[in-house]
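The values are calculated or read from the model by the stated rules, or taken from the named source; none is laboratory data. What you see is a predicted model, and the numbers here were worked out from it, not measured in a lab. Cβ atoms come from the backbone with ideal geometry, glycine included; neighbour counts cover every protein chain shown.
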Amino acid sequence: MIRIAISGAAGRMGRRIAAIAAGDARFQLVAATEAPSHPALGSDLGEVAGIGALGIDVSCEAHDFDVMVDFSTPNGAMAALDAAIDENAAIVSGTTGLSENQMGRLRTASEGIGVFYASNFSVGIAALRRIASELATLLPNADIEIVEAHHRSKVDSPSGTAIDLARSIAEARGATIENVARFGRNGAVGPRHDEEIGIHSVRGGGIVGDHMGIFALPNEVIAIEHRAISRDLFASGALDAVAFIFGKIGFYGIQDLLST
């Protein structure tokens with residue numbers, strides 16, 4: 001059994017990962033962490049996850065685990081990475097909003113431990129990115145817009161998934177996202193540039209996660225869309241990533257999981 005620690009254990013994703021992992025014979029839950037000021041500290045992980053007591057208290061530290069699963073905050077992700085390095089364990093992280101420096105730390109750490117990072121743990125999203133890249137190549141003159149929607153409590157905007165989708169499209173066209181991304185429009189911004197990729201965010205209610213790529217030509221429009229029905233989609237994907245990264249060294253992402 002793979003021994004799992006969960007960083008951000010009291011969050012939406014942390015709770016669902018705990019609930020699903022508790023019933024999966026591949027895994028053993030051994031630790032759960034939260035920020036030092038979090039009200040869930042000292043609570044039983046199973047009670048927090050709504051599945052009954054597991055005998056694992058939510059604390060600020062984790063030890064004796066094989067894989068750290070992190071869905072927290074950028075600072076929390078770095079603390080989880082430090083814990084994984086200290087334990088010579090792997091880490092699976094889905095925390096979004098990481099800075100370039102923080103992403104660099106993950107990549108540097110992957111020289112000694114297994115690191116699996118994804119902004120979205122859906123293989124359907126991985127397939128969407130692949131299809132979007134192909135459409136960007138097949139339709140070089142199409143105007144491309146990305147629209148993403150999430151629940152009202154999501155902190156970062158646009159979503160990491162939308163950024164990754166735009167990055168895949170830009171690279172397929174020989175460009176970089178830094179040069180072609182347009183984040184929303186307001187006021188008299190002028191006509192659309194041929195090479196730009198528009199990225200737009202919607203926040204409301206309990207939307208789990210919707211992503212649409214729009215490829216607009218003068219006389220027709222192609223739209224590709226992925227809609228997450230339940231957060232369990234991402235929790236199950238993260239646990240599949242745990243099974244994948246266990247025993248490996250290097251940097252991996254959702255595309256690697258798609259190809260297995």
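The figures follow:
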| read-out | value |
| --- | --- |
| Residue among 200, 193, 211 that alone is touching a helix residue (DSSP H, G or I) at 6+ places or on another chain (Cβ under 7 Å) and either of a type in the set (Val, Ile, Thr) or assigned by TED's automatic domain parsing to the domain that holds residue 161 (or both) | 211 |
| Selection status of residue 28, at pLDDT 95 or above and more than 17 Å from residue 246 (Cα to Cα) | no |
| Answer residue from region 236-260, given it is of a type in the set (A, V, I, L, M) and modelled with pLDDT of 95 or more and is surrounded by the fewest Cβ atoms within 10 Å (Cβ to Cβ) among those | 249 |
| Residue within region 233-240 that is outside the structural domain of residue 89 (by TED's automatic domain parsing) and of a type in the set (S, T, N, Q) present | no |
| Any hit, region 50-61, residues being outside any helix (DSSP H, G or I), farther than 23 Å from residue 255 by Cα and of a type in the set (Ser, Thr, Tyr) | yes |
| Failed item in (1) within 21 Å of residue 204 (Cα to Cα); (2) charged (D, E, K, R); (3) in a helix (DSSP H, G or I), with residue 154 passing the rest | (3) |
| Tally of residues being touching a helix residue (DSSP H, G or I) at 6+ places or on another chain (Cβ under 9 Å), surrounded by fewer than 23 Cβ atoms within 10 Å (Cβ to Cβ) and either at pLDDT 95 or above or within 18 Å of residue 210 (Cβ to Cβ) (or both) across region 130-155 | 10 |
| Residue match in region 171-187 (condition: touching a residue at least 40 places away in the same chain (Cβ under 8 Å), assigned to a loop (DSSP other than H, G, I, E, B), in contact with a strand residue (DSSP E or B) (Cβ under 7 Å, 6 or more places away or on another chain) and assigned by TED's automatic domain parsing to the domain that holds residue 128) | no |
| Residue within region 69-86 that is touching a residue at least 12 places away in the same chain (Cβ under 8 Å), surrounded by fewer than 23 Cβ atoms within 10 Å (Cβ to Cβ) and of a type in the set (Asp, Glu) present | no |
| Residues that are out of contact with any His (no Cβ under 7 Å at 6 or more places or on another chain), at pLDDT below 95 and small (Gly, Ala, Ser), drawn from region 156-167 | 157, 160 |
| Qualifying residue in region 177-186 (condition: of a type outside the set (D, E, K, R) and at positive phi) | yes |
